[in-house]
Amino acid sequence: MIYPKKNSIFERFFQLFVTYQLKKQFYRIHLHIEGLPKDKKILLIANHSSWWDGLVTFYLNNAVLKTDLYAMMSEQGMKDFPFF
């Protein structure tokens, strides 16, 4: 089993990259949050119809939710793309 190791330098760089890509590709992103408890854990589920799901989730977490976000990934994916 591979356990995640966060890298704050990579996260800052990735946030800049994701912000640039979203602003370049999308006119606007709408988010509707109703009654989001601040002291509870959050489970975000996307249908993953495109690679934008993960980028939008990463962006929204840093811009709005500000939680300690982790994403599920297959073990093979972790081996192939260890920078994630």
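The values are calculated or read from the model by the stated rules, or taken from the named source; none is laboratory data. Computed from a prediction, not measured in an experiment: that's the story for all the values here. Positions of Cβ are generated from backbone atoms using ideal geometry, with glycine treated the same way; all protein chains shown enter the neighbour counts. These accessible areas exclude ligands, DNA and RNA; they are computed on the full protein's heavy atoms, side chains included. Shrake-Rupley method; radii C 1.70, N 1.55, O 1.52, S 1.80 Å.
Summary table
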quantity	calculated
Residue that is least open to solvent (accessible area, probe 1.4 Å), among those in the range 1-35 that are closer than 12 Å to Val56 by Cα and of a type in the set (D, E, K, R)	Arg28
Given (1) of a type in the set (Val, Ile, Thr); (2) outside any helix (DSSP H, G or I); (3) closer than 23 Å to Pro82 by Cα; (4) touching a residue at least 24 places away in the same chain (Cβ under 8 Å), index of the condition Ile42 fails	(3)
The range 14-39 - residue that is over 14 Å from the mean Cα position of the chain (by Cα) and assigned to a helix (DSSP H, G or I) and, of those, nearest to Phe83 (Cα to Cα)	Tyr20
Lys6 vs. criteria basic (Lys, Arg) and either outside any loop (DSSP other than H, G, I, E, B) or touching a residue at least 40 places away in the same chain (Cβ under 8 Å) (or both)	no
Residues of the range 49-72 satisfying the condition of being within 12 Å of the chain's Cα centre (by Cα) and either at pLDDT below 75 or outside any helix (DSSP H, G or I) (or both)	Trp51, Lys66, Thr67, Asp68, Leu69, Tyr70, Ala71, Met72
Residue in the range 52-84 that is surrounded by the fewest Cβ atoms within 10 Å (Cβ to Cβ), counting only those that are of a type in the set (Ser, Thr, Tyr) and either touching a helix residue (DSSP H, G or I) at 6+ places or on another chain (Cβ under 6 Å) or under 14 Å from Glu11 (Cα atoms) (or both)	Tyr70
